[in-house]
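Please read the structure below before turning to the comments.
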Ligand SMILES: C[S@@+](CC[C@H](N)C(=O)[O-])C[C@H]1O[C@@H](n2cnc3c(N)ncnc32)[C@H](O)[C@@H]1O
């Protein structure tokens, strides 16, 4: 199952399983200083955490474009006359033509771009859309101890890799936050991973591997590391 199939399959459960992503979206929107925009685009919008926080923080806009590859996610995103929903794939360079006509006052993307298959291309194309950017990326230190226990490699990028590629196209300021999500059993923890989309559709653990995690996992929480970025585009000429 790929990342999109995974998100689409559990789109109806996303709201109840995205506790950390909700906190991340809230923090990212709280970082926004300027409060009046003509157009905003939210890349990998999911079920609308960014939009809901924008409304809560009384940030004004004339148009709010929400872009996601999962139709199921776009369907459950709030709708209004100011919201334009676009089916969009940040892994496909041609997809940027569907959103690239406008120049946006602000690009925001929370908990999505760590799934880019070609981060450099994705970041380069996004940098052409605006001059103001807010990003939150989950890093490879997410599920650090779980990966160590199972000897599996994180499917997402290191903080250093993300920063290095951002530096090619943006002037950025960075902040790293660590989160913990408590569980009363390792079984519930594994169920959460399956249903939240955070595993990115990577191969399922075998019965033997699950048994090993249940026996050996030393924590009663999951670890998450998030890189918050506030950026402007570098002059590419
Ligand atoms: C963890 S959710 C985050 C959703 C929302 N931004 C939030 O903060 O709650 C990641 C989102 O990225 C979307 N996504 C994953 N790969 C994508 C791609 N290649 N192009 C566009 N969206 C993608 C998923 O469908 C999902 O809605």
> Looking at this structure, is residue 63 touching a strand residue (DSSP E or B) at 6+ places or on another chain (Cβ under 6 Å), farther than 23 Å from residue 23 by Cβ and either at pLDDT below 95 or away from the ligand (no atom under 11 Å from the Cβ) (or both)?
Replying inline: yes
> What number of residues in the range 53-75 are more than 15 Å from residue 43 (Cβ to Cβ) and part of a loop (DSSP other than H, G, I, E, B)?
Replying inline: 3
> Using beta carbons and a limit of 7 Å, which pairs, at least six apart or on different chains, have the first residue in the range 184-199 and under 11 Å from residue 213 (Cβ atoms) and the second one in a helix (DSSP H, G or I) and modelled with pLDDT of 85 or more?
Replying inline: 186/213; 186/214; 187/214; 190/213
> When you go through (1) within 11 Å of the ligand (Cβ to nearest atom); (2) surrounded by 21 or more Cβ atoms within 10 Å (Cβ to Cβ) one by one for residue 72, which number turns out not to apply?
Replying inline: (2)
> Restricting the search to the range 87-116, which residues are more than 10 Å from the ligand (Cβ to nearest atom) and touching a strand residue (DSSP E or B) at 6+ places or on another chain (Cβ under 8 Å)?
Replying inline: 98, 99, 102, 103, 104, 105, 106, 107
>> I'd like the full set of residues that are surrounded by 22 or more Cβ atoms within 10 Å (Cβ to Cβ) and in a strand (DSSP E or B), limited to the range 26-52.
In response: 40, 41, 42, 43
>> Given the criterion more than 27 Å from residue 125 (Cβ to Cβ) and at pLDDT 85 or above, identify the matching residue among 175, 160, 209, 223.
In response: 223
> Cβ-Cβ below 6 Å, separation at least six or inter-chain, first residue in the range 96-118 and more than 18 Å from residue 23 (Cβ to Cβ), second in a helix (DSSP H, G or I) and near the ligand (Cβ under 9 Å from one of its atoms): which pairs?
Replying inline: 115/3; 116/122
>> Given (1) over 13 Å from residue 42 (Cβ atoms); (2) touching a residue at least 24 places away in the same chain (Cβ under 8 Å), identify the lone condition not met by residue 92.
In response: (2)
>> I need the full set of residues from the range 205-237 which are within 30 Å of residue 174 (Cα to Cα) and surrounded by fewer than 12 Cβ atoms within 10 Å (Cβ to Cβ), in order please.
In response: 235, 236, 237
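The values are calculated or read from the model by the stated rules, or taken from the named source; none is laboratory data. Predicted model only: the values in this text are computed from it and were never measured. No Cβ is skipped: glycine too gets one built from the backbone with ideal geometry, and neighbour counts run over all protein chains shown.
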